[in-house]
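The values are calculated or read from the model by the stated rules, or taken from the named source; none is laboratory data. Keep in mind that what you see is a predicted model, and the values were worked out from it rather than measured. Glycine gets a Cβ as well: all are built from the backbone with ideal geometry, and neighbour counts include every protein chain shown.
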Amino acid sequence: MRAVGLALVLALAFAWAGAAPAGAKVFMSKAEALAWAFPEADRVEDRSYVLDDAQAAAIEARAKAKLESRLVTVYTGRKGDAVLGYAFIDQHVVRTLPEAFLVVLSPEGEVRRLRVLAFHEPQEYKPSDRFLAQFEGKQGDAPLRLARDVHGIAGATLSSQAVTGGVRRVLALHDVLVRQPLLAQHRP
């Protein structure tokens, strides 16, 4: 009898442990995402930054969202010498599990489009394409407040908050790492 009880407990434990990652889904690899971001590019350059204290503080203050990492990669799509745009992959925890999404910006820093790359929370909480489309056309000076400027996802408030904070982070990263240095280069 004890052996049957132990076998049942072990079977339930393995079933529960195996069920946890069932909601986890990777939708697109980094290479696929960058090809989607810049379909007309002849090359995509990547540049990694380790943010210093001042940069991290400026980004967090502007984004009103905490940075998950001080290591940031900026992807630049190019065709010849022309910059087609910039892309950032934002990775963060939604509730208890991670999400990664790609934000594609115009050369001027306007959101062109977004794509969820991986979502490990239950799939019913995954941000829809319709939700993500709300961010298109937004720039660094847009307030992006949930329930004011951005309509949330019914039943998925944490996902709505995570994406909104992530887009604000990306816009702040673009401002600090791309826009401000470009402006400084063109000052007399």
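A few remarks follow.
- Restricting the first member to segment 100-112 and to residues that are farther than 15 Å from Val72 by Cβ and touching a residue at least 12 places away in the same chain (Cβ under 8 Å), and the second to residues that are surrounded by 19 or more Cβ atoms within 10 Å (Cβ to Cβ) and aromatic (Phe, Trp, Tyr), the beta-carbon pairs closer than 6 Å and six or more apart or on different chains are Val111/Phe135.
- Some residue of segment 44-65 being at pLDDT 95 or above and within 17 Å of Ser106 (Cβ to Cβ): yes
- Qualifying positions in segment 153-188 - in a helix (DSSP H, G or I) and touching a Pro at 6+ places or on another chain (Cβ under 8 Å): Ser159, Ser160, Val163
- When segment 139-152 is filtered for residues that are assigned to a loop (DSSP other than H, G, I, E, B) and either of a type in the set (A, V, I, L, M) or touching an Asp or Glu at 6+ places or on another chain (Cβ under 7 Å) (or both), the ones remaining, listed by number, are Gln139, Gly140, Ala142, Pro143, Leu144, Ala147.
- The condition of being aliphatic (A, V, I, L, M), over 19 Å from Val93 (Cα atoms) and at pLDDT 95 or above holds for only one of Ala7, Ala3, Ala33, Ala19, that being Ala33.
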